[in-house]
1. Using a Förster distance of 41 Å, how high is the FRET efficiency between ALA265 and SER56, based on the Cβ-Cβ distance and rounded to 0.05?
2. Given the convex hull of the Cα atoms of the range 125-181, what is a quarter of its surface area in nm²?
3. Using every alpha carbon pair in the range 237-297, what percent of pairs falls into each 10 Å bin from 0 up to the bin containing the largest distance?
4. Considering only protein heavy atoms, what is the solvent-accessible area of SER258 at a probe of 1.4 Å, reported in Å² to the nearest 10?
5. Provide the per residue accessible area, probe 1.4 Å, for the range 80-195, rounded to a whole number of square angstrom.
6. At what distance in nm do the modelled label points of ALA115 and ASP308 sit from each other, each positioned 7 Å from its Cα along Cα→Cβ?
7. May I ask you to give the solvent-accessible area per residue for the range 221-334, in square angstrom, as obtained with a 1.4 angstrom probe?
8. With a 1.4 Å probe and every protein chain kept in, tell me what percent of the accessible surface of the chain is carbon plus sulfur.
Amino acid sequence: MTTTSRAGAPPADPSVGPIVDVHAHFTPPTTQAAREAAWRAMRADHFLAPVPHVWSPAIALEAMQANGIAMQLLSTVPVGHQALVEANTYGAGVVAAHPHRFGLLAALPTDVPAAALDEVRRAHEVLNADGFAVSTTYDGVSLGDSRLDPVWERLDALGATVFVHPDTTIASRLGLGTPLLEVTFETARVVTQMLYARVFSRFPGITFVLAHCGGALPGLSGRLALLGTAPWVANPGGVTAHELRSQMGRLFLDTAASGTDANLAAALQMVPVEHIVYGGDSGVPCTDDDSIAANLASLRGTSVLHRDDLPGILTRALTLFPRLRERIGAATGG
């Protein structure tokens, strides 16, 4: 077990710095009955979690200790506006109690732009959130919907970092649990819609971070550039192949469950290495200490990256989220 610093965090490797996880989930307190019901629903949809899922700050801190993670950015995007607002408030409380170990990515209800704008204001002005989290599709509305332009305009003005997570409510297919494959295709589908809507070029002040190394998108990026402007493709805005490549190159990708050479090689065909950021995907039933450790081992042993690239990947969230840098600096003496 790693020894701890006075702030309770694993001491930073001087050659790397504090490992900061941009992709960590949390769950507000719930009842045993609710956990049991969620577990049975997952198993009925081929997600064969062995036991009901439980999250708490103490459990998260123990898991972070096991893998030498100094800080996590917490996110969750519950279904239902009231549940979402309550989750954001709870998450802010967790950060207030552990300011040197956690940050908050406040969820936005992107099915109703006015409600999303209200939560942007509250998260920024009241909750002091570090950034924002959105689901690719929320209550049937995808992020490429033009009605969301006022939300992007506000986030653009804030210079916000927005974490894009795939919709996990979509049903499984072919008897395989949704987290295995479906989430990766969901990311690719919705982000492609956003490319044709020029979301990433029209709102350059937003830093978009895609979960799971962009899902299937990097592997499809060449196909999109090759065929995406063909006459048979619906392209009412006249987006060019150059625009498609340029927008994809602006995106940031996390390494959650995607630190293998296969994932990284595809990612580096789409974005520069400076746009890769560490993500662990902890706090959910599909991830445990062992899979996080294996993913980190893959990153550290990669033949795709240069050795000098790894420190930047593991600590890049401190650049994307300045408030984190201030808090962790206070905890470690700079």
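The values are calculated or read from the model by the stated rules, or taken from the named source; none is laboratory data. Remember, predicted model here, so these are calculated numbers, not experimental data. Here the Cβ is made from the backbone with ideal geometry for all residues, glycine too, and neighbour counts use every protein chain on show. Just the protein is used for accessible areas: all its heavy atoms, side chains included, with ligands, DNA and RNA removed. Shrake-Rupley method; radii C 1.70, N 1.55, O 1.52, S 1.80 Å.
1. 0.65
2. That works out to 5.3 nm².
3. For the range 237-297, the binned pair fractions read 21, 40, 25, 11, 2 percent.
4. Here the accessible area works out near 10 Å².
5. Result: 39 Å² of accessible area for each residue.
6. 4.9 nm
7. The answer is 48 Å² per residue.
8. Exposed carbon and sulfur together represent 57 percent of the surface.
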